[in-house]
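Scroll down for the structure; my scribbles are underneath it.
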Amino acid sequence: MTTHYLACDLGAESGRLMLGTIANGQLKLEEVHRFPNAPVKADGSLHWNIPQLFSELKAGLKKAAALKLPIASISTDSWGVDYILYDARGQIMPPVFHYRDARTTQGVANTKAKVTWETIFAETGIQFMALNTIYQMAAEPGERFAKAKQLLLIGDAFNHYLCGVARAEESLASTTQLYNPRTRNWSKKLLGALNLPERVFPRIVPSGAKLGRLKANLAKDVGLQPIDVIASCSHDTGAAVAAVPGSGSNWAYLSSGTWSLMGVEWPQPILTDTCRELNFTNEIGFGGSIRLLKNIIGLWLVQECRRDWAKAGQDYDYPALARLAAEAKPFVTLINPTDPRFLSPDDMPAKIAAQCRQTGQPAPATPGAMVRAILESLALLYRRTLKQIEQLTGQRIERLHIVGGGSRNELLNQFAANATRIEVLAGPVEATAIGNILVQAIALGHLPSLAAARIVVRDSNPVSVVRPRDAAAWQKACQQFERLMQPAR
């Protein structure tokens, strides 16, 4: 049987509406509509233009309807942590803040004044990041919440736009640092401590929950039938992990893109002091599994450098930067990618150069040298993170699956294999959209299980096998990197 599904895949740089077709045990993807998603700078802060994104989704639905295919269902996935407030009339209360907005600094201070970090981790199992929803909400003025009737995270808000049903899908809810993985509900302790109104938080549903049908007026406007709307894995990383073509045990995943999210699937949350001190997170995956992972900076460093170079008249595409990096001399400079200064946009080459000066290293003099320093350092950070995962789980990792857009970066894949000393399997690239669609298929009974869905992934997508090289050189670089990562005395 041939079945068609739509996935609205929202990223922090762009969004897509994807058509997924499952036939004869294989999945084929087709991009129906792509649109940019850039933050808006206004009044000294960063916002998202949600009405524009809704408009782009509607345009994509019209294109999908023009294909004249029988669509079974649709679902949206998005980045985590950001949210929309709605007033009593159901209207969006602007602005919808971007997670990189500077207000989070005050939110962290406000939170620390009311509740300890130890309590927050014990309640949620989520790593500290200043951009987390808990700190964003702690920065909100009280009058905003007083006027708000509903709060929805981004992916959930798009599903609400499609069918009118307001729910919080649990993989996305878990990114807020206000979700308790043991009770599988909002943390009453944290909501109370921070005076956050429980009434605005929607009911939580599991991954793969059927929400309703496409709203009749929207279906008529775009020319589609009233198809099912599913809360697949509304968090893009949750969807990407569902599409990892892993089998057996002893494997880890790396969802590689703007962010690098590295972890394992685990049966229960790890809420130990060691987990908290290593700053790991226990997010929810499909079927209520735990995605024990660390959310670390990724190709954002390269993206921001590329933006600055383009402003200066040096407009490189990513393949050109990869070639220049491959030609650059190895291990001249290593950076600490976890430096907080790298989280904010603009002036990335200058920020990296400043860190190099502070650590007594030469600043990369060319774009190739800069990108090589970034990629080598990311790979060494992957190695460090993998060792920490083994420490937390007591499980030896033997294979690393790299999925997402970053899996196309062959140089970084090779560096990751070299640094970790294990086999890397790269692909699929479109893991987020694939996972979104496969969870829809499971929800509708078209696939029996996640294990069966992963067989579909393996049968549908070529995977590149990358084996480690240059052991001695990378071991020496690892020692240099570990010294760089030690806290200043």
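A few notes on this one:
- Hits in the range 456-489 (condition: farther than 20 Å from Ile335 by Cβ, small (Gly, Ala, Ser) and surrounded by 13 or more Cβ atoms within 10 Å (Cβ to Cβ)): Ser460, Ser464
- Unmet criterion (only one of (1) in contact (Cβ under 8 Å) with a residue 60 or more places away in the chain; (2) closer than 20 Å to His4 by Cα; (3) in contact with a Leu (Cβ under 9 Å, 6 or more places away or on another chain)) for Pro226: (1)
- Residue list for the range 113-129, filter: assigned to a loop (DSSP other than H, G, I, E, B), hydrophobic (A, V, I, L, M, F, W, C) and touching a residue at least 40 places away in the same chain (Cβ under 8 Å): Val115, Ile126, Phe128, Met129
- Residues that are free of Cβ contacts under 8 Å to residues at least 60 places away in the same chain, among the polar types (S, T, N, Q), assigned by TED's automatic domain parsing to the domain that holds Arg203 and out of contact with any Ser or Thr (no Cβ under 7 Å at 6 or more places or on another chain) do occur in the range 176-183.
- Count of the range 141-183 residues, restricted to those that are in a loop (DSSP other than H, G, I, E, B) and either β-branched (Val, Ile, Thr) or over 17 Å from Ile50 (Cβ atoms) (or both), is 8.
- Residue identified as surrounded by fewer than 23 Cβ atoms within 10 Å (Cβ to Cβ) and more than 22 Å from the chain's Cα centre (by Cα) among Ala122, Ala130: Ala122
- The single condition from (1) out of contact with any Gly (no Cβ under 9 Å at 6 or more places or on another chain); (2) in a helix (DSSP H, G or I); (3) within 27 Å of Gln303 (Cα to Cα); (4) in contact (Cβ under 8 Å) with a residue 40 or more places away in the chain that Val465 fails is (2).
- Of everything in the range 1-39 that is of a type in the set (D, E, K, R) and surrounded by fewer than 19 Cβ atoms within 10 Å (Cβ to Cβ), the residue that is nearest to Gly238 (Cα to Cα) is Glu13.
- The single condition among (1) out of contact with any helix residue (DSSP H, G or I) (no Cβ under 9 Å at 6 or more places or on another chain); (2) assigned to a strand (DSSP E or B) that Met262 does not satisfy is (1).
- The single condition from (1) crowded, with 24+ Cβ neighbours inside 10 Å; (2) free of Cβ contacts under 8 Å to residues at least 12 places away in the same chain; (3) not charged (D, E, K, R) that Leu380 fails is (2).
- The set of residues in the range 383-405 being in a helix (DSSP H, G or I) and modelled with pLDDT of 95 or more consists of Arg383, Arg384, Thr385, Leu386, Lys387, Gln388, Ile389, Glu390, Gln391, Leu392, Thr393.
Condition check ((1) more than 23 Å from Asn295 (Cβ to Cβ); (2) of a type in the set (S, T, N, Q); (3) without any contact (Cβ under 8 Å) to a residue 24 or more places away in the chain) across all residues:
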residue	(1), (2), (3)
Pro362	yes, no, no
Leu375	no, no, no
Gly394	no, no, yes
Ile397	no, no, no
Gly405	no, no, no
Phe415	no, no, no
Thr420	no, yes, no
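- Among the criteria (1) on the phi < 0 side of the Ramachandran plot; (2) surrounded by fewer than 24 Cβ atoms within 10 Å (Cβ to Cβ), the one Arg184 does not fulfil is (1).
- In the condition set (1) of a type in the set (A, V, I, L, M, F, W, C); (2) touching a Lys or Arg at 6+ places or on another chain (Cβ under 6 Å); (3) in the same structural domain as Ala66 (by TED's automatic domain parsing), Phe280 is compliant with all but (3).
- Evaluation of Ser55 against the conditions (1) part of a helix (DSSP H, G or I); (2) touching a strand residue (DSSP E or B) at 6+ places or on another chain (Cβ under 8 Å) shows that the sole unmet condition is (2).
- Pairs with Cβ under 8 Å, 6+ apart, first in the range 145-174 and at positive phi, second of a type in the set (Lys, Arg) and surrounded by fewer than 20 Cβ atoms within 10 Å (Cβ to Cβ): Gly164/Lys215
- Checking Arg307, Arg291, Arg276 one by one, the residue that is buried (at least 23 other Cβ atoms within 10 Å of the Cβ) and of a type outside the set (Ser, Thr, Tyr) is Arg291 and no other.
The values are calculated or read from the model by the stated rules, or taken from the named source; none is laboratory data. Given the structure is predicted, the values throughout are model-derived calculations rather than measurements. Backbone-built Cβ (ideal geometry, glycine too); neighbour counts: all protein chains shown.
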